[in-house]
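Structure first, commentary second.
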Amino acid sequence: MLYVGIKKGPHELIARFPYKIGIVVFMIFPEFLKSDAGFSDKVKTLIDDPFFDLLEIGLVSEGEWIKVVNYVRSSGRSVDFSLGLQPEILVRGYDPSALDDGVRRKAEEVLVKGVDIAGKRGMKAVALCSGPNVDEGLRDKALESFRKTIHAIAERAYKYGLPVYVETFDYQWDKKRLIGPLDLAAKFIEQVRSVHDNVYLLWDLSHAPLLNEKPEDLKSYADLVGHIHVGCAKKVNGKLYDWHPSFYRPGAINTEEDVAKLLQVLHDIKYRGAVSFEVKPEDGQNPLEVINVTKSILMRAYQIFLEGTL
């Protein structure tokens, strides 16, 4: 929960941030990309923090999850959880858009099982990305493969009332995913939604520089946007990387002005979803430092938005 004050003439105005604020847990604590050991202990820091309403987590064991649930109950906090399946694709290598249908089906099996876990645990949403980009001549076939996987995931998610968020990534710099620029992603989502209307776009501010996109581009796809990530791309020796550094670290591209522009666009398109920060500590950097910088960035961005709107 966030309240921000600004001065307007002789008056001081207090405004509540209009969206739920989330954070991607497996990025602020990147060790959880490899193992869930100690997950329940470290996540307590975020559960106890009233700034955050939503925690986006990866697949964790039943034992760790039970510890988390028990802690939430004892804390008296009201906090939502959603499941990010991106690590299963980006880290563990399951390819939901594989040209080989046997490989695709294996990815589908893992991801659909993840949806079952999210649904049974009472989570609020499931997010994932596509597999690697392919040569232009194979793109249609890869998109069809991904479509099959998304339909299976969306069908299972519908059983639990879960929305499915498909995250767009760069397709030529770093992660090099099949999806992809907004126009391609939107066309794909529209085709999927002719059958399953619980599938949406997840747009990440930190991916915008790698895709040559800007927040204003979202205005053309307002009805497709289901979730927002906020973070930074990084530029090193002229190359762009999807490394999610903290704001104002060396090479970090995005600023609070970019976040303010994003907030303006979300206001204009009447967005009602959540805004989650996806930031990662660099070598020697304490995660709590990154969290505190993130909070200050959002506070200042919201002030800039209010000053330009009210």
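The values are calculated or read from the model by the stated rules, or taken from the named source; none is laboratory data. The model shown is predicted, which means the values in this text are computed figures rather than measured ones. Here the Cβ is made from the backbone with ideal geometry for all residues, glycine too, and neighbour counts use every protein chain on show. Quick note on the areas: whole protein, heavy atoms, side chains included, nothing else; ligands and nucleic acids left out. Shrake-Rupley method; radii C 1.70, N 1.55, O 1.52, S 1.80 Å.
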**Request:** Indicate the gyration tensor shape class of segment 94-221 (rounded, prolate or oblate), computed on the Cα atoms with a ≥ b ≥ c the square roots of the eigenvalues: a/c under 1.5 is rounded; otherwise a/b larger than b/c is prolate and the rest oblate.
**Result:** oblate
**Prompt:** What ranking, highest mean first, results for peptides 147-154, 228-235, 40-47 when packing means the other Cβ atoms within 10 Å averaged over each residue?
**Reply:** 228-235, 147-154, 40-47
**Request:** Scan segment 239-310 for trypsin sites (Lys or Arg not before Pro) in coil per DSSP, keeping those whose Cβ has at most 13 other Cβ atoms within 10 Å, and list them by number.
**Result:** LYS270, ARG272
**Request:** On the protein heavy atoms, probe 1.4 angstrom, tell me the percent of accessible surface of the chain carried by carbon and sulfur.
**Result:** 49 percent
**Message:** Under 21 Å between alpha carbons: how many lysine pairs meet that in segment 1-98, if sequence neighbours fewer than 8 apart on the same chain are excluded?
**Reply:** 6
**Request:** Using the heavy atoms of the protein chains and a 1.4 angstrom probe, tell me the accessible area per residue for the chain in square angstrom.
**Result:** 44 Å²
**Request:** Have a look at PRO287, PRO18, PRO250 and tell me which one the Gaussian network model of the chain (Cα, springs below 10 Å) gives the largest fluctuation.
**Result:** PRO250
**Request:** Mind running the shape call on segment 227-310? Use the C-alpha gyration tensor, a ≥ b ≥ c as the square roots of the eigenvalues: rounded below 1.5 for a/c, prolate if a/b tops b/c, oblate otherwise.
**Result:** prolate
**Prompt:** So what's the convex hull volume per residue for the Cα atoms of the chain, in Å³?
**Reply:** 133 Å³
